Amino acid sequence: MKANKRIVVFLVVSVLGISFAYYAYQIVYTPNILVQMDSKLLVVDEKDNFKDLQAKLHKGRYVNDLISFSFLAKLTGYANQIKAGRYVLRSNMTNLEALRILRAGKQEPVKITFNNVRLVKDLAQRITRNLGMTPEEFEAAVVKFTMSNRNGFTKDNVLAMFIPNTYEVYYNISPDGLVNRMHEEYDRFWSAERVEKARKAGLTPMEVSILASIVQAESIRKSEAPVIASLYLNRLRKDIALQADPTLVFAVGDFSLKRVLNGHKEIDSPYNTYKYPGLPPGPINMPEIHSLDAVLNYTPTDYYYMCAKEDFSGEHNFTNSYEEHMRNAARYQKALTIEQKKGEALRRQQQ
């Protein structure tokens, strides 16, 4: 009888042991993440605790068996040391594979792209879109950076520090960290070669950025940019007011403005380049790399004047003669008036 009891106990213990071993194997090594589904991003925020993570996993249908994942997470200590970030969980991962990524904080970098920006507040909306910070937090970090007066950046010119491109950062990068990263990219862009080209043009890197923003706003034709840059450099060297219409639009603050009027030229603003000579205190937009390089590699000319062509091609007539410039302007204004009248007539017909 005693022998039989021992056999029964042995069998029961063996079955339980095998069952536990099988269950442990299932928990650790059986695919449980996005089974027969595509890979998927999981965003863990700074404020998330383990219950928040469990809710995300359940709602997003990341796991087949949340209980087994939670059991292993607690067993490995991950439940008490969650790391914020943006992670890629791949199809048919095991609990162990997923937890190794999450515990180590092996994030998938976020690609941030920005261009065609006029104001820091607009940049803040765009640059933080897929990051773990708010636009307001980013703006505050930019203000903090300008207050430190590093490299002469101010609230008026700090937009020049952000070189339009695509960058990779981590989701949980801090606002200060992101601003510092952009400062590093700015320093990297301004190589010794580019700085030397700026010096030969009689400009500082910041002045190149400011002039490039004006050049960029003046024409949609990239091929014209080096010529426009030359024209404005000629005016700067002769201490002639730039009289750049895009700077007036910036001063007015109405970016839908299509036609600059004489009244606008009386606005008392440092961005009014009709009223104040030299460059404005900061860029009027975020100049693209091709615009910056257009200033650095300007085409030498003797031009001082430019006017949009009357065919509305987006191209310009350039000249060094004021009289010829006035004739070009008269043709353009006449064509513009005709187009406006046509538009008004069409609107009346449609009413």
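Across the range 107-120, a minimum of one residue is classified as within 25 Å of D156 (Cβ to Cβ) and in a helix (DSSP H, G or I). Does at least one position in the range 251-266 carry a residue that is of a type in the set (F, W, Y), buried (at least 19 other Cβ atoms within 10 Å of the Cβ) and at negative phi? Within the range 251-266, not a single residue is of a type in the set (F, W, Y), buried (at least 19 other Cβ atoms within 10 Å of the Cβ) and at negative phi.
Residue-by-condition table, conditions (1) surrounded by fewer than 20 Cβ atoms within 10 Å (Cβ to Cβ); (2) at pLDDT 95 or above; (3) in the same structural domain as G152 (by TED's automatic domain parsing):
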{"position": "P175", "(1), (2), (3)": "no, yes, yes"}
{"position": "H183", "(1), (2), (3)": "yes, yes, yes"}
{"position": "E196", "(1), (2), (3)": "yes, yes, no"}
{"position": "R199", "(1), (2), (3)": "yes, yes, no"}
{"position": "L211", "(1), (2), (3)": "no, yes, no"}
{"position": "V215", "(1), (2), (3)": "no, yes, no"}
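E168 passes every criterion in (1) closer than 17 Å to I289 by Cβ; (2) in contact with a Lys or Arg (Cβ under 7 Å, 6 or more places away or on another chain) apart from (1).
Here is a yes/no grid of residues against (1) modelled with pLDDT of 95 or more; (2) in contact with a strand residue (DSSP E or B) (Cβ under 6 Å, 6 or more places away or on another chain); (3) part of a loop (DSSP other than H, G, I, E, B):
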{"position": "Q36", "(1), (2), (3)": "no, no, yes"}
{"position": "K47", "(1), (2), (3)": "no, no, yes"}
{"position": "D52", "(1), (2), (3)": "yes, no, no"}
{"position": "N130", "(1), (2), (3)": "no, yes, yes"}
{"position": "E137", "(1), (2), (3)": "yes, no, no"}
{"position": "A141", "(1), (2), (3)": "yes, no, no"}
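Just to be sure, is G152 crowded, with 16+ Cβ neighbours inside 10 Å and not hydroxyl-bearing (S, T, Y)?
Values: crowded, with 16+ Cβ neighbours inside 10 Å: no; not hydroxyl-bearing (S, T, Y): yes.
Against the criterion (crowded, with 16+ Cβ neighbours inside 10 Å and not hydroxyl-bearing (S, T, Y)), G152 does not qualify.
Give the range 153-186 a look and list any residue that's among the acidic types (D, E) and over 17 Å from the mean Cα position of the chain (by Cα), or say none.
Here is the first cut: in the range 153-186, the residues among the acidic types (D, E) are 156, 168, 176, 184-185.
Within the range 153-186, just D156 meets the criteria.
Within the range 227-270, the residues that satisfy the criterion of being closer than 26 Å to H290 by Cβ, of a type outside the set (A, V, I, L, M, F, W, C) and under 26 Å from the mean Cα position of the chain (by Cα) are P246, T247, S256. In the set (1) part of a loop (DSSP other than H, G, I, E, B); (2) more than 27 Å from the chain's Cα centre (by Cα); (3) β-branched (V, I, T), I338 fails one condition alone, (1). For the range 262-307, which residues satisfy the criterion of being assigned to a helix (DSSP H, G or I), modelled with pLDDT of 95 or more and not small (G, A, S)? Listed by number, the residues that qualify are I289, H290, L292, D293, V295, L296.
Look at the range 51-62: where a residue is under 14 Å from N32 (Cα atoms) and a partner is of a type in the set (V, I, T), sitting 6+ places away or on another chain with Cβ atoms under 6 Å, you get L57/V63. Among the residues that make up the range 225-237, is at least one of them closer than 18 Å to L119 by Cα and either exposed (fewer than 14 other Cβ atoms within 10 Å of the Cβ) or of a type in the set (S, T, Y) (or both)? Taking every residue of the range 225-237 in turn, none turns out to be closer than 18 Å to L119 by Cα and either exposed (fewer than 14 other Cβ atoms within 10 Å of the Cβ) or of a type in the set (S, T, Y) (or both).
Pairing each residue of the range 323-351 that is without any contact (Cβ under 8 Å) to a residue 24 or more places away in the chain and surrounded by 13 or more Cβ atoms within 10 Å (Cβ to Cβ) with any residue that is outside any helix (DSSP H, G or I) and hydrophobic (A, V, I, L, M, F, W, C), provided the two are 6+ apart or on different chains, yields C-beta distances under 7 Å for H325/C307; N328/C307; A329/C307. Residue pairs whose Cβ atoms lie under 6 Å apart, sitting 6 or more positions apart in sequence or on different chains, and linking a residue in the range 128-150 that is not assigned by TED's automatic domain parsing to the domain that holds N172 to a partner that is modelled with pLDDT under 95 and part of a helix (DSSP H, G or I), do not occur here. Only one of the numbered conditions (1) part of a helix (DSSP H, G or I); (2) modelled with pLDDT under 95 is violated by M326, and that is (2).
The values are calculated or read from the model by the stated rules, or taken from the named source; none is laboratory data. From a predicted model like this one, the values you see are computed outputs, not experimental measurements. Don't worry about glycine lacking a Cβ; one is built from the backbone with ideal geometry, like all the others, and counts go over all protein chains shown.
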